[in-house]
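Here is the structure we will look at, set down as structure tokens.
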Amino acid sequence: MTEQLSQKHPRGLYVLFFAEMWERFSYYGMRAILLLFLLDNMRGGLGLEASEGTAIYGLYTASVYLLTLPGGWLADNVFGQKKSIWYGGIIIMIGHIVLAIPGGTGLFFLGLGIVAMGTGLLKPNISSIVGELYPEGGARRDAAFSIFYMGINLGSVLGITIVGYLGQKIDWHMGFGAAAVGMLLGLIVFRYGSNTYLRGYGEVPPKKIVTAEAQAKAGTEKKLGYGLVALLVGFLAILQLTGTLDMTTAQGLAQGAGVIIVSVSLFYFLFILIAGGLTPVEKKRVLVLMVFFFAAAIFWSGFEQAGSSLQIFAERYTQRTIGGWEMPSSWFQNFNGTFILIFAPIMASLWIFLSSKGLNPSTPVKFALALILVGAGFFVMEMGAKVAVTGQLASPLFLTVTYMVHTIGELCLSPVGLSSYTKLAPKRYVSQLMGIWFVAASLGNLIAGLFAGGFDEKNLQQMPALFNQVTLFSIGFGVLLLIFWKPVKKWMGGIS
Ligand code: GLN
């Protein structure tokens, strides 16, 4: 690993590293204080109920990842990656500036929407240029992605520290403003760096020549798309009319979004399985991607509670005073990024070491481990919650251990999942399926938000049981995957 990391990389990688670092500074920095701001009714926050605030948190974080689908499409078909990153960055910065203006609920939600759109345009495209820098693929590309992942987490640590501190200790809007400044720095790095070091990469795509055959195919796909939209609208209308969902509330809206995301993803998988013209080997691989999709969604739905239920736990029920100084509760979210910076090189070396002995666990086993680890983290939280319900503040060790276990899980799933999606996807579906990988994160974030809706100060007694549910669910699915890892691996058809 260290040998791979020290190999010479193109300067362009470092331009992308710093641009993404600042973008993540703004994303994670703002996210760290988002829920606190939504719930706060003492220092000029929006003072929402827990169920509404957490649903909005879920909707926002889910939109960020869902909008990577149109973002990727726009880059592939209209702007090229470099322009998309540039425009995306400008939109993100404008969004944070809007958030920095103390102008009430409407303006705040507008700002959130703008940030989500900009991130959708920037996030998938910056990672795909990293891949473009290494057309030969192989270990150098993997090493480049590890370096890039470090940039992501360095940005998150800096962002949470600075934005979290300013937002919680001084003024919410000053925190949001700091996120805008971070994005501005990212734009400056990208503007100057990309002119010199990314020439010829991510350029505007050439106009496609449309054949009659392609046109006919696009026509059929359009009709199918309209059919699906009509079906979904009908289904949601039934849910609303029968009172199953109430989409006039943020919580109902988030649940509706969940129905849409799950249906569209299932439909997409079925569509390429049935009408995608795949060979039997490719079909099996797509089925594996479907299993990984659901496993990833479950993983993120636990993991991404970092910004929801775990944030609430840090704020309300954790002992945070050290020698008279109170640590901002958002700083706990930093433990993930810090543990990534520590464990990423260790885990990468571990995989290389195990490979040399022929013992490297297969991808389904790593996914299963990730799920079991996220469940184990929530088991620790259940213990912490049992202390909190007695009225005592819980030791910060509970959250520390949970974050450590969750981070090791993330390293078993996130980089491994990214690369297996590029490897297992049939060639002509690679970028679409890459988008579906982010949709799993979107779904996970949505559930992570919705789940935290139960964390009401009035239902304090239920807290251990709520954490227990996450434990059982993730460990259950993890064990199932562990039992069936062999057939799943076989379906991967020789790709590990
Ligand atoms: N933490 C990583 C990032 O921000 C991965 C997030 C995800 O895919 N859910 O890029």
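Quick notes on this structure:
- In the context of the full set of protein chains, residues of the stretch 318-466 present 39 Å² of accessible surface per residue (probe radius 1.4 Å, heavy atoms only).
- Note on the stretch 248-300: the alpha carbon radius of gyration divided by the globular reference 2.2 N^0.38 Å gives 1.41.
- Across every pair of non-identical alpha carbons in the stretch 6-53, the mean reciprocal distance, once inverted, gives a Kirkwood radius of 13.2 Å.
- Take every pair of alpha-carbon atoms less than 8 Å apart whose residues are at least six positions apart; their mean separation over the length of the chain yields a relative contact order of 24 percent.
- The orientation-averaged shadow of the Cα convex hull for the stretch 404-479, equal to a quarter of the hull surface, comes to 6.3 nm².
- Kirkwood hydrodynamic radius (C-alpha pairs) into Stokes-Einstein, the stretch 315-380, 10 °C and 1.306 mPa s, D in µm²/s: 107
- Accessible surface of the stretch 425-474 [probe 1.4 Å, protein heavy atoms]: carbon and sulfur percent: 61
- Each Lys and Arg contributes +1 and each Asp and Glu -1, all at the Cβ; summed about the Cα centre of the chain, the dipole is approximately 1520 debye.
- In order through the stretch 325-330: 3J(HN,Hα) via Karplus (6.51 cos²θ - 1.76 cosθ + 1.60), integer Hz, x for Gly, Pro: 9, 9, 6, x, 5, 5
- Projecting the Cα atoms of 445, 418, 390 onto the charge dipole of the stretch 325-470, computed from C-beta unit charges around the Cα centre, puts 418 farthest toward the positive end.
- Rounded to the nearest whole Hz, the Karplus-based 3J(HN,Hα) values (6.51 cos²θ - 1.76 cosθ + 1.60, θ = phi - 60°) of the stretch 28-41 follow the sequence 6, x, 5, 4, 4, 9, 4, 5, 4, 5, 5, 8, 5, 10, with x at glycine and proline.
- Listed residue pairs exceeding 18 Å between alpha carbons, taken from 423/489; 366/486; 123/222: 123/222
- Considered as an equivalent ellipsoid built on the Cα gyration tensor, the stretch 366-451 has semi-axes of 34, 14, 8 Å, the largest given first.
- Cα lying deepest toward the dipole's positive end in the chain, options 147, 379, 30, charges on Cβ: 147
- Convex hull of the stretch 288-407 built on C-alpha atoms - directionally averaged projected area, nm²: 8.6
- Here the Karplus relation 6.51 cos²θ - 1.76 cosθ + 1.60, evaluated at θ = phi - 60°, turns the backbone of the stretch 81-95 into coupling constants of 5, 4, 5, 4, 5, 4, 5, x, x, 4, 4, 4, 4, 4, x Hz, with x for every Gly and Pro.
- Semi-axis lengths, Å, the stretch 1-153, gyration tensor of Cα atoms, sqrt of 5 times eigenvalues: 33, 17, 12
- Kirkwood Rh, Cα atoms: Rg over Rh of the stretch 177-230: 1.31
- Mean separation of Cα contacts under 8 Å (6+ apart) over length of the stretch 361-496, as relative contact order %: 48
- In degrees, nearest ten, helix 334-356 long axis to first principal axis of the chain (Cα): 40
- Between residue 197 and residue 423, the FRET efficiency estimated from the beta carbon spacing at R0 = 30 angstrom works out to 0.60.
- Taking amide hydrogens as placed 1.01 Å from N in the peptide plane, the amide H of residue 318 sits under 5 Å from those of 394, each at least 5 positions away in sequence or on another chain.
- Mean projected area of the convex hull spanned by the Cα atoms of the chain, taken over all viewing directions: 23.8 nm².
- The stretch 1-85 - Debye-derived log10 I(q)/I(0), Cα point model, q = 0.17, 0.21, 0.25 Å⁻¹: -0.89, -1.03, -1.17
- Peptides 18-31, 82-95 ranked from most to least packed by the mean count of surrounding Cβ atoms within 10 Å: 18-31, 82-95.
- q = 0.10, 0.14, 0.17, 0.18 Å⁻¹: log10 I(q)/I(0) that the Debye formula gives for the stretch 116-230, counting C-alpha atoms only: -0.55, -0.87, -1.01, -1.06
- Placed amide H near residue 360: partners under 5 Å, 5+ positions off or other chain: 355
- Cross-link reach list, aspartates and glutamates versus residue 208, counting only Cα pairs under 16 Å and skipping chain neighbours closer than eight places: 76
The values are calculated or read from the model by the stated rules, or taken from the named source; none is laboratory data. Given the structure is predicted, the values throughout are model-derived calculations rather than measurements. Glycine gets a Cβ as well: all are built from the backbone with ideal geometry, and neighbour counts include every protein chain shown. Side chains are part of the model used for accessible areas, which takes the heavy atoms of the whole protein and leaves out ligands, DNA and RNA. Shrake-Rupley method; radii C 1.70, N 1.55, O 1.52, S 1.80 Å.
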